[in-house]
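What follows is a set of notes on a single structure, which appears directly below.
The values are calculated or read from the model by the stated rules, or taken from the named source; none is laboratory data. The structure displayed is predicted, hence computed values, not measured ones. Note that each Cβ is placed from the backbone with ideal geometry, even for glycine, and that neighbours are counted across all protein chains shown.
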Amino acid sequence: MSILKTSLKSIAAVSLAGVLFSCADAPKKTEEVEQVEEVEELESMESVNLESDFIMPSPIQIAAMFNRSGLAYESGITNPTNNVSKYNTKTSRYLNFGVYSADLAYVVLNSERQASLDYIKVVRDLSDLIGMPSIFDGGNLLTSFEKNIDNQDSVLYILTTIKLRTDDYLAENDDASKEAVFFASAWVEGMYLGSKSATTESSITSRIIEQMSILTNVIGAVKNQTDQSLDLTYLISGLEEILTTFEGFEEVKSLDSQGVSFSDIVLTNEEISLLNKEIETLRTRIIAG
Amino acid sequence: MKKTALTLFSIAAILLMSSAIIDIVCDTKTLKKEGISELNPFYYSASKVTEVDYDYKSSRREIEVPLFKGEKYRMIFNKKGLPKDVVIEIFEKDKSHDNRKAVFTSEGSSADILSYSPEKSKKMFIRYTIPKADGVTEKGCLVFILGYQLTFVTDTKDN
């Protein structure tokens, strides 16, 4: 754990400084003064805390929410599994790991047996290429998935296990910031699938709008990811364009007014089409590799 | 002069060893596993391990948690990796709201693993208040797990 590693490196310096400075007699403070100082210190610490502390939701949950809101299954809209051969760069593999994870959740939730088997294999292949073979436990998880393919509860539990192991892998390798890359591309794919398979009687549109409430934080998290070898320029600008378009809508501008929340927003068909078009443009760029 | 330097280094070495003992080795995998076992019947959604530095002054950290309308959630906090207690509070508004009131606080509870299931699902803000260190720098970790109720039966009346 990095905590101990960092501690050991810094302890000597801290201890020496402590030895040199702690012996001096500090003036005694009254309790009242100390309390006031503590409040000030709390405020100053808060203002310098630059770490992005935002919890990213589960793409499986987002897919499940869309599914319950009346998302009808449309075959042929997911990223074709044979596209995986095109992903020869590190960036395209990371991004499409997220895309295929969202596709996998979509086909599983719609009980598409063969597609589920095809997509879990492609997710496994990409996890190997990325260097995360441990998340599939040497193939045991894939075997378990195949064995339980007709039991949706078990299959969804396995998808949750993949998510947990991915988080564990990134944390163990001091690489947690990459979660944002996986999530951002899974989010784009989920929004694309949502927009493509929405039906008139579904409440999917309100769910899509609700998702926009996390976009600012997602962009921030992608910008903060620390691997300089990933080229995420087009992903960031694509997400920013989606956000700018959304924030330009009249209804969304009213969010600044008191008492107006995301669930109150109703967009026109033209606005929804514009938003969907921008999502599709970014998604096309991601899956092109 | 030489003698003074030697004394200083000896004291530093003793402090270094005692600090290392005070330091908690965070076995995050085990702490997460313990937290996840409290989620049932909720599914794992996400987790965050916060490295806590007890500094010479108190400090606060805030985590934003997006919760979606109509969904059911459970939040688990595992404090076993902390050498000193950290107060956990949950708010429905961010820190720019001066008079926000906590919907949950760990104050008064001695439990190492805490659980909270919000009644309403909306964006929430978790605040950790970290007390100051007792003389030496101390470190620890606090594990947060978010779980959600996974239902996948088509329900067009949602919302």
The stretch A:203-214 - residue that is at the interface with chain B (Cβ under 10 Å from one of its Cβ atoms) and under 17 Å from the mean Cα position of the chain (by Cα) and, of those, nearest to residue A:70 (Cα to Cα): A:207
Subset of the stretch B:112-137 that is over 25 Å from residue A:168 (Cα atoms) and more than 9 Å from chain A (Cβ to nearest Cβ) - its residue that is modelled with the lowest pLDDT: B:134
The stretch B:46-103, residues that are among the aromatic types (Phe, Trp, Tyr) and within 10 Å of another protein chain (Cβ to nearest Cβ): B:56, B:68, B:73
Residues of the stretch A:52-73 satisfying the condition of being more than 8 Å from chain B (Cβ to nearest Cβ), in contact with a Ser or Thr (Cβ under 7 Å, 6 or more places away or on another chain) and surrounded by fewer than 24 Cβ atoms within 10 Å (Cβ to Cβ): A:72, A:73
Filter result for the condition that a residue is touching a residue at least 40 places away in the same chain (Cβ under 8 Å) and out of contact with any strand residue (DSSP E or B) (no Cβ under 6 Å at 6 or more places or on another chain), over B:48, B:101, B:122: B:122
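Here is a yes/no grid of residues against (1) assigned to a helix (DSSP H, G or I); (2) among the hydrophobic types (A, V, I, L, M, F, W, C); (3) within 25 Å of residue A:131 (Cβ to Cβ):
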{"site": "A:171", "(1), (2), (3)": "yes, yes, yes"}
{"site": "A:188", "(1), (2), (3)": "yes, yes, yes"}
{"site": "A:191", "(1), (2), (3)": "yes, yes, no"}
{"site": "A:198", "(1), (2), (3)": "no, yes, no"}
{"site": "A:222", "(1), (2), (3)": "yes, yes, yes"}
{"site": "A:241", "(1), (2), (3)": "yes, no, no"}
{"site": "A:282", "(1), (2), (3)": "yes, yes, no"}
{"site": "A:285", "(1), (2), (3)": "yes, no, yes"}
Residue within the stretch A:215-236 that is away from chain B (no Cβ under 12 Å), of a type in the set (Gly, Ala, Ser), out of contact with any Gly (no Cβ under 6 Å at 6 or more places or on another chain) and surrounded by fewer than 21 Cβ atoms within 10 Å (Cβ to Cβ) present: yes
Odd one out for residue B:68, checked against (1) surrounded by 19 or more Cβ atoms within 10 Å (Cβ to Cβ); (2) touching a strand residue (DSSP E or B) at 6+ places or on another chain (Cβ under 6 Å): (2)
